[in-house]
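**Q** Have a look at the structure that comes next, please.
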Amino acid sequence: MYKISLITGDGIGPELSDSAISVLNTIHDKLDLKFEITKLSAGDTALKETGKALPDETIDAIKKSDVCLKAPVGESAADVIVVLRRMFDLYANIRPAKSYPQMPALRDDIDMVIVRENTEDLYIGKEFSLGDSAVALRVISEFASKRIAKYAFETATQRNSMKKVTCVHKSNVMRLTDGLFAKSCSEVAKNYPDIIFEQMYVDACAMNLIRQPEKFDVIVTTNLFGDILSDESSQVVGGLGMAPAANIGDNFALFEPVHGAAFDIAGKNIANPSSFLLSLKMMFDWLGAKHNDSKCFTVGEKLESTIFNLVKTGAKTKDIGGSKSTSEFTADIVNLLY
Ligand code: ATP
């Protein structure tokens with residue numbers, strides 16, 4: 001029995017959470033993998049109701065769980081996810097971008113993953129005022145850079161792909177910070193002679209993601225660049241509605257969609273739940289590896305292939321060119337999981 005904590009979030013978060021709960025309940029009942037789900041509050045609604053975007057009870061409940069699922073939260077995202085990433089030392093943010101059938105995608109042979117450092121860089125939001133200026137601190141350490149580089153090379157080793165790591169930075173301008181990141185990745189690369197290692201400036205990477213996305217396998221980069229490039233890579237394969245993410249540490253992990261709370265479509269029952277359901281697939285893989293539980297891998301594969309097969313039939317939500325509502329798409333998945 002796995003204890004799953006679930007932050008239901010803001011905007012489309014509650015709709016995506018309902019979809020995830022339906023799918024988890026089906027897996028629990030029909031595929032015999034057992035969970036206990038605890039719904040938790042964090043984000044804008046929590047801030048309004050309790051005065052805290054990340055209430056203490058939520059943190060306590062997450063600590064008692066085996067794994068955390070997080071639907072998107074709104075304006076207070078930085079006070080929730082950035083804090084959780086650092087609190088649980090979830091240093092690796094894993095964002096796959098993979099071609100699925102029938103997508104409004106650039107090509108159909110894309111299979112890459114962005115490995116984003118998750119604990120440092122400008123994204124931590126350490127800012128202050130100085131005279132008439134505003135200053136942001138960008139801290140990059142050798143420890144965190146080597147740690148994420150190792151994660152990227154291990155990922156490339158395990159993937160059934162072209163075995164290539166592209167280190168993305170801007171060391172020609174930020175010579176010290178990005179220079180250290182690039183140097184750390186190069187040093188780690190020496191331990192992986194069977195993996196192709198290349199370096200790319202972030203502007204060139206942004207262009208190449210459009211020009212030749214099929215050439216990427218594993219991208220390793222710093223926190224802010226990873227945030228931006230992963231929105232781009234998800235659009236390249238069809239859009240944010242299909243983009244899952246994992247935040248992984250040595251002892252704990254949190255899974256969430258790449259996208260935000262999407263207030264423009266909230267409450268309309270049109271959001272694509274695939275981003276969250278594919279995050280469940282990543283959760284199953286992580287649980288399987290951590291607990292040596294082959295059933296988790298089987299269930300994860302089944303869930304991904306079910307989504308794959310469903311969209312292949314043209315049954316899709318509006319964002320990717322279909323007409324299914326969130327609840328209809330979820331019901332289709334649930335039926336196919338039997
Ligand atoms: P954040 O800065 O918090 O990441 P954002 O301002 O970039 O958020 P998102 O909430 O990520 O915006 O959404 C960007 C656009 O993508 C929105 O217009 C939204 O409608 C669309 N979108 C995002 N997620 C989904 C989804 N699951 N299904 C359908 N459309 C989505």
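**Q** Condition check: open to solvent by 30 Å² or more (accessible area, probe 1.4 Å), in a helix (DSSP H, G or I), in contact (Cβ under 8 Å) with a residue 40 or more places away in the chain and within 15 Å of the ligand (Cβ to nearest atom). Does D319 satisfy that?
**A** When the stated conditions are applied, D319 passes them.
**Q** State which residue is nearest to A92 (Cα to Cα) when the search covers only segment 250-265 and only residues that are near the ligand (Cβ under 9 Å from one of its atoms) and not β-branched (V, I, T). So that I can check it myself, show each step before the final result.
**A** Within segment 250-265, the subset near the ligand (Cβ under 9 Å from one of its atoms) is 257-265.
Cutting the leftovers down to not β-branched (V, I, T) gives us 257, 259-264.
Working: P257: 15, H259: 17, G260: 19, A261: 22, A262: 24, F263: 27, D264: 30 Å.
The qualifying residue nearest to A92 (Cα to Cα) is P257.
**Q** Any idea which of V258, V299 is among the aliphatic types (A, V, I, L, M), at negative phi and under 14 Å from the mean Cα position of the chain (by Cα)? Before the answer, list the steps.
**A** Details: V299 fails: under 14 Å from the mean Cα position of the chain (by Cα).
Step by step, each of V258, V299 is checked, and only V258 is among the aliphatic types (A, V, I, L, M), at negative phi and under 14 Å from the mean Cα position of the chain (by Cα).
**Q** Now, a different point. Can you tell me which residue is farthest from the ligand (Cβ to nearest atom) among those in segment 279-297 that are assigned to a helix (DSSP H, G or I) and touching a Leu at 6+ places or on another chain (Cβ under 8 Å)?
**A** Going residue by residue through segment 279-297, those that are assigned to a helix (DSSP H, G or I) are 279-291, 294-297.
Going one step further and asking which of them are touching a Leu at 6+ places or on another chain (Cβ under 8 Å), we end up with 279-281, 283-284, 295-296.
Values: S279: 11, L280: 14, K281: 15, M283: 17, F284: 20, K295: 28, C296: 24 Å.
Applying the filter and picking the extreme gives K295.
**Q** Can we say F153 is assigned to a helix (DSSP H, G or I) and open to solvent by 80 Å² or more (accessible area, probe 1.4 Å)? Don't jump to the end; show me each part of the working.
**A** Numbers: assigned to a helix (DSSP H, G or I): yes; open to solvent by 80 Å² or more (accessible area, probe 1.4 Å): no.
In short, no.
**Q** Collect the residues in segment 234-249 that are of a type in the set (S, T, N, Q), outside any strand (DSSP E or B) and either surrounded by 21 or more Cβ atoms within 10 Å (Cβ to Cβ) or more than 11 Å from the ligand (Cβ to nearest atom) (or both), keeping them in residue-number order. Give the derivation first.
**A** Restricting attention to segment 234-249, the residues satisfying the condition of being of a type in the set (S, T, N, Q) are 234-235, 247.
If we keep only those that are outside any strand (DSSP E or B) as well, we get 234-235.
Answer for segment 234-249, where residues must be of a type in the set (S, T, N, Q), outside any strand (DSSP E or B) and either surrounded by 21 or more Cβ atoms within 10 Å (Cβ to Cβ) or more than 11 Å from the ligand (Cβ to nearest atom) (or both): just S234.
**Q** Please note which strands (runs of 3 or more DSSP E) are completely contained in segment 164-233 and include at least 2 residues that are of a type in the set (V, I, T) and modelled with pLDDT of 95 or more.
**A** Working: elements: 164-169, 196-201, 218-221.
By residue number, 164-169, 218-221.
The values are calculated or read from the model by the stated rules, or taken from the named source; none is laboratory data. These numbers were taken from a predicted model, which means no experiment stands behind them. For neighbour counting, all protein chains shown are included, and Cβ atoms are generated from backbone atoms with ideal geometry for every residue, glycine included. Accessible surface is based on the protein model in full, side chains and every heavy atom, while ligands, DNA and RNA are left aside. Shrake-Rupley method; radii C 1.70, N 1.55, O 1.52, S 1.80 Å.
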